[in-house]
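Worksheet: one structure, shown below.
Each reported figure results from applying straightforward, stated rules to the coordinates on display, with no laboratory input. Everything numeric in this text was worked out from a predicted model, so none of it was measured. Neighbour counts are summed over all protein chains in view; Cβ atoms, including those assigned to glycine, are modelled from backbone coordinates with ideal geometry.
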Amino acid sequence: MKAIDIITQAEADSRTARDAIGALVYHNQCKVLDAFKKHRIEPRHFAATNGYGYGDLGRDTLDELFATVFGAQKALVRPQLVSGTHALSVCLFALARPGKAILSITGDPYDTLLDTIGTENEAEYVFSLKKLGATFISLPLLADGNIDIDGMTDILHQRDDINLVYLQRSRGYAWRPAILNTQIKVACAALKALRPDVPVMLDNCYGEFTETQEPIQAGVDIISGSLIKNPGGGLAPTGGYIAGTEKLINTVQYRMTAPGIGAEVGSWQGGYQPFYQGLFMAPHVVGESLKGAILAARAFELMGYATMPSFDAPRADIVQAIEFGKKEPLLAFCKEIQSASPVDSHLTPEPWAMPGYQHEVIMAAGAFVQGSSIELSADAPIKPPFIGYLQGGLTYEHCKYAITKVIEALG
Ligand SMILES: *Cc1c(COP(=O)(O)O)cnc(C)c1O
C-alpha cells in the first residue's frame, strides 16, 4: 500500500474512535470554563510579579483554579517546579518517612524517578529516599494490565510500615496500557477499606483531560504532573503542579520551598497569562493529541506493527507505543517525527545517555517550548524490542502530516 492509501484507510477506520474524543473534549472544556467562572478570572491575575511574591494574586488564584479543575481541595502550580520529575520528587520527599515504605501498585515508576528512590550505585553525595531510610516496594501490574489488588492486600496484611501507596497512570517506557480511572477507583476503595490512614499518590503525567474525570475523583489523595505536558495546553513555558487534599498539600508546600514559608512565596516576572490560557486550551489540545495517537495506531497497525493501545481501545494517557522490532525503523520513525516538526526540522536526533534514564534514549522533538511533549514528539529507550513512544501534537493535522512522512520513510 502507498503511504497516502494507508493514511486514507487509517482515517476511515478510526473515524468513530476520533469522533468520541470530541465528546470528551467538550465535557472537559465545560469543566475548565466553569472553574474559570467560579474563580472570576480577570486580567489582573495575569500580572507579572517579582521578589518574594507575597500576596501574588495570579499565583494564588492559579492554585485555586487547578484545585477546582482536578477536584482537589488545594493545589500548587509553579514555574519553580522545573519539571514533572521535580514535582513528583517533592511529593515523595514530603511524604516518605524513615523506617516506612512506599508501595507502588503499578510496578516500577517512570525512569527519571529511580534516582529519587535510590539506586545500588548512587554517588555518596546523592540523598535519595533510600538514604532517608524509606523503602520503595514495586508491585507489578498483572499480565492483563490490571492492578494486582490481591497482591496489594497481601502486602498490606504482611507489613504495617506502608505509609504511602503510589500509582503511575501513564505507561512510561513500558508495554502496558494506561491505568483507567475505573481501575484506580477499585484500587483506592480496596486500600481504604483496609488502611484508611494510608494516602494514595498518583503520577498524573500525560493523563490530564484524557478522561471525563481526574484521579482525585476516583479516590486518589494527591496527584502531580508537568505543565509542559497536558495541563499547560502547549502554552505554559515551564512548570509543574501538585494537587490534593488540604492536609497533604499543607505538608508538601514546606518541602517545595522551606518550612515556615510554604506556598506563600514565589513570583513570576513573566506573568501568569500562559498558564491560565494554557489550562483553558488544555482539553482541546489533549483532544488533538489523542486523535493523532488514534490515527497513528491505526496506520501502524495497517503496516503490520503491534501497537499499544490499539486504535479503538480506551485511553488514559496521550502516549502511543509502537513496536518496531528492529533498531533501524525505530530510528527512522524518530528521524521523521523530528523532520516533520515546526522547529529544528533540519536536525537529526541521535541516541544519548540522557540524565535520569537507564538506557540510551533517542528523543525527537522540534517544539516551541524546549522538551515539551504536549507538542508532537517521539522517544524511545534503545533496547529490544525497539518500542517507539509517540505523544503530543498541538493540532491533529500536524500529527497526520508527521505520520504520513513516517509511513513514506518506512516504505
Ligand atoms: C514525563 C513523565 C514524567 C517526568 O516528567 P518530566 O517533566 O519529564 O520530568 C514522570 N512520569 C511520567 C509518567 C511521565 O510521562
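In what sequence do Y357, Y26 fall when counting other Cβ within 10 Å, fewest first?
Starting with the residue having the fewest Cβ neighbours, the order is Y26, Y357.
Give me the one-decimal nm value for the distance between modelled label points at D150 and A12, 7 Å along each residue's Cα-to-Cβ direction.
4.6 nm
Nearest 10 degrees is fine. How inclined is helix 396-410 to the longest principal axis of the chain, computing both from alpha carbons?
Result, in degrees: 50.
Give me the distance in nm between label points sitting 7 Å out from Cα along the Cα-to-Cβ direction at Y254 and A409, one decimal.
The modelled label-to-label distance comes out at 5.1 nm.
For the chain, what percent of Cα pairs sit more than 27 Å apart? Could you put the intermediate results ahead of the total?
Values: 41979 of 84255 pairs.
When every Cα pair of the chain is considered, 50 percent fall beyond 27 Å.
Could you run the Karplus curve 6.51 cos²θ - 1.76 cosθ + 1.60 with θ = phi - 60° over region 37-49 and give me ³J(HN,Hα) per residue in whole Hz, x for Gly and Pro?
5, 4, 8, 6, 5, 10, x, 5, 5, 8, 4, 6, 9
Which residues make up the longest stretch of the chain that has no trypsin sites (Lys or Arg not before Pro) in a DSSP loop with at most 13 other Cβ atoms within 10 Å?
Of all site-free stretches, the longest is 160-325.
Can you run phi through the Karplus equation (6.51, -1.76, 1.60; θ = phi - 60°) for region 141-147 and list ³J(HN,Hα) in whole Hz, with x for Gly and Pro?
3J(HN,Hα) across region 141-147, in whole Hz: 5, 5, 4, 7, x, 7, 6.
Two decimals is fine: what is log10 I(q)/I(0) at q = 0.08, 0.13, 0.19 Å⁻¹ for region 168-326, from a Debye sum with one equal scatterer on every Cα and no solvent?
-0.29, -0.72, -1.22
Say each of V126 and D19 gets a label point 7 Å from the Cα, pointing the same way as Cα to Cβ; how far apart are those two points in nm?
Using points 7 Å along Cα→Cβ, the separation is 5.1 nm.
Whose amide H sits under 5 Å from the amide H of A364, counting only residues 5 or more places off or on another chain, with H placed in the peptide plane?
Distant-sequence amide H within range of A364: A378, D379.
Hey, got the dipole for region 1-133? About the Cα centre, +1 on K and R Cβ, -1 on D and E Cβ, debye to the nearest 20?
Computed charge dipole of region 1-133: roughly 560 debye.
Cα to Cα, under 25 Å, and not fewer than 8 places away if on the same chain: which lysines meet these conditions relative to K400?
Of all the lysines, those that pass the test against K400 - Cα under 25 Å, at least 8 places apart if same chain - are K2, K229, K291, K326, K327, K335.
Add -39500 (n - 2.57) for each DSSP H run of 4 or more in the chain, then divide by its residues: what number comes out at 222 nm, to the nearest 500 deg cm²/dmol? Don't jump to the answer; show the numbers that get you there.
Values: 12 runs with 161 residues, N = 411.
Helix contribution divided over all residues of the chain: -12500 deg cm²/dmol.
How long is the gain from V186 to K100 if the chain were fully straight, where each residue apart is worth 0.36 nm and the alpha carbon distance is subtracted? Show your work: numbers first, answer last.
Details: separation 86, 0.36 × 86 = 30.96 nm, distance 2.43 nm.
So the chain would gain 28.5 nm between V186 and K100.
Residue by residue through region 8-15, which ³J(HN,Hα) values in whole Hz follow from phi under the Karplus form 6.51 cos²θ - 1.76 cosθ + 1.60 (θ = phi - 60°), with glycine and proline marked x?
4, 5, 5, 5, 5, 5, 9, 4
Between helix 273-302 and the chain, what is the angle of the helix's C-alpha long axis to the longest principal axis, kept within 0 to 90° and rounded to the nearest 10?
Around 40 degrees separate the two axes.
Residues with amide H under 5 Å of I387's amide H, sequence separation 5 or more or different chain, H placed in the peptide plane at 1.01 Å from N; which?
F324
If all Cα-Cα distances of region 80-167 are sorted into 5 Å bins from 0 onward, what percent lands in each bin, rounded to whole numbers?
3, 13, 24, 23, 19, 12, 5, 1, 0
Which residues' amide hydrogens lie under 5 Å from the amide hydrogen of I162, considering only partners 5 or more residues apart or on another chain, with H built in the peptide plane?
A101
Can you put C188, C30 in order, fewest other beta carbons within 10 Å first?
Ranking C188, C30 by Cβ neighbours within 10 Å, fewest first, gives C30, C188.
Using the alpha-carbon atoms, what tilt in degrees (0 to 90, nearest 10) does helix 246-256 show relative to the longest principal axis of the chain?
That works out to roughly 80 degrees.
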